[in-house]
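Peer 1: Okay, handing you the structure first.
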Amino acid sequence: MIVMRLSTKGRYGVKAMLDLAIHTSEGHIALKNIAERQEISEHYLEQLIATLRKAGLVKSIRGAQGGYTLAQDPSQTTVGEILRALEGSLAPVDCVVEDEPFECTNATQCVTKKIWEKVRDSINDVVDSITLQDLIDDYKKMNNNDGYMYYI
């Protein structure tokens, strides 16, 4: 059985970015706080955030009041951007990686390449259609305590 999985970089990166988005009203957020809430090693989180900062997805401020914030509104950042910043291409096989030519001796008669292109495109379509704001909205729905109270 072949399973395509994201590494912890991608999974934890999305969690960290969602945490920043949820707590954006608090100003700059310390990595320690994100690490504690998300149960991620602070050292590992530093590496992820550095990559996300280089990709222009987060901003940092040094000092006592420092920390991290999103570089743009949550509605402008997609899960796809986060995953590609941390994981690289989301293509399932090397021969369909975007912007990276791959020499395959069977390319001219490969029937399955079309399948892998469709899988890649479908994955990209899904992750590019989900913004951090969508995840915030889902988080609020899941954690809404204003539901109806039924008495019997």
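The values are calculated or read from the model by the stated rules, or taken from the named source; none is laboratory data. Computed from a predicted structure; not experimentally measured. Here the Cβ is made from the backbone with ideal geometry for all residues, glycine too, and neighbour counts use every protein chain on show.
Peer 1: Could you identify the single residue in Asp128, Asp134, Asp121 that is charged (D, E, K, R), farther than 30 Å from Ser25 by Cα and surrounded by 12 or more Cβ atoms within 10 Å (Cβ to Cβ)?
Peer 2: From the options Asp128, Asp134, Asp121, the qualifying one is Asp121.
Peer 1: One residue is enough: does segment 67-78 have a residue meeting the conditions within 16 Å of Leu6 (Cβ to Cβ), in contact with a strand residue (DSSP E or B) (Cβ under 6 Å, 6 or more places away or on another chain) and polar (S, T, N, Q)?
Peer 2: yes
Peer 1: So, one more: Please specify each residue of segment 20-35 satisfying the condition of being over 14 Å from Leu48 (Cα atoms), more than 17 Å from the chain's Cα centre (by Cα) and not small (Gly, Ala, Ser).
Peer 2: Within segment 20-35, Glu26, His28, Ile29, Asn33 qualify.
Peer 1: Does segment 120-143 contain any residue that is among the β-branched types (Val, Ile, Thr) and touching a Lys or Arg at 6+ places or on another chain (Cβ under 7 Å)?
Peer 2: No, segment 120-143 contains no residue that is among the β-branched types (Val, Ile, Thr) and touching a Lys or Arg at 6+ places or on another chain (Cβ under 7 Å).
Listed here are the residues, each with its yes/no results for (1) surrounded by 13 or more Cβ atoms within 10 Å (Cβ to Cβ); (2) within 20 Å of Val79 (Cα to Cα); (3) touching a strand residue (DSSP E or B) at 6+ places or on another chain (Cβ under 8 Å).
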{"position": "Val14", "(1), (2), (3)": "yes, yes, no"}
{"position": "Ile22", "(1), (2), (3)": "yes, yes, no"}
{"position": "Gly27", "(1), (2), (3)": "no, no, yes"}
{"position": "Glu36", "(1), (2), (3)": "no, no, no"}
{"position": "Ile40", "(1), (2), (3)": "yes, yes, no"}
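Peer 1: Then there's this: If Ala50 satisfies all but one of (1) at pLDDT 95 or above; (2) touching a helix residue (DSSP H, G or I) at 6+ places or on another chain (Cβ under 9 Å), what's the number of the condition it fails?
Peer 2: (2)
Peer 1: Taking Ser60 as meeting all but one of (1) in a helix (DSSP H, G or I); (2) touching a strand residue (DSSP E or B) at 6+ places or on another chain (Cβ under 6 Å), write down the number of the exception.
Peer 2: (1)
Peer 1: Let me ask something else. What is the one condition in (1) over 23 Å from Glu26 (Cα atoms); (2) surrounded by 18 or more Cβ atoms within 10 Å (Cβ to Cβ) that Gly67 does not satisfy?
Peer 2: It is condition (1) that Gly67 fails.
Peer 1: Here is a further query. Return a yes/no flag: does segment 78-101 have any residue that is over 27 Å from Thr8 (Cβ atoms) and either assigned to a loop (DSSP other than H, G, I, E, B) or at pLDDT 95 or above (or both).
Peer 2: Looking for residues that are over 27 Å from Thr8 (Cβ atoms) and either assigned to a loop (DSSP other than H, G, I, E, B) or at pLDDT 95 or above (or both), one finds at least one in segment 78-101, hence yes.
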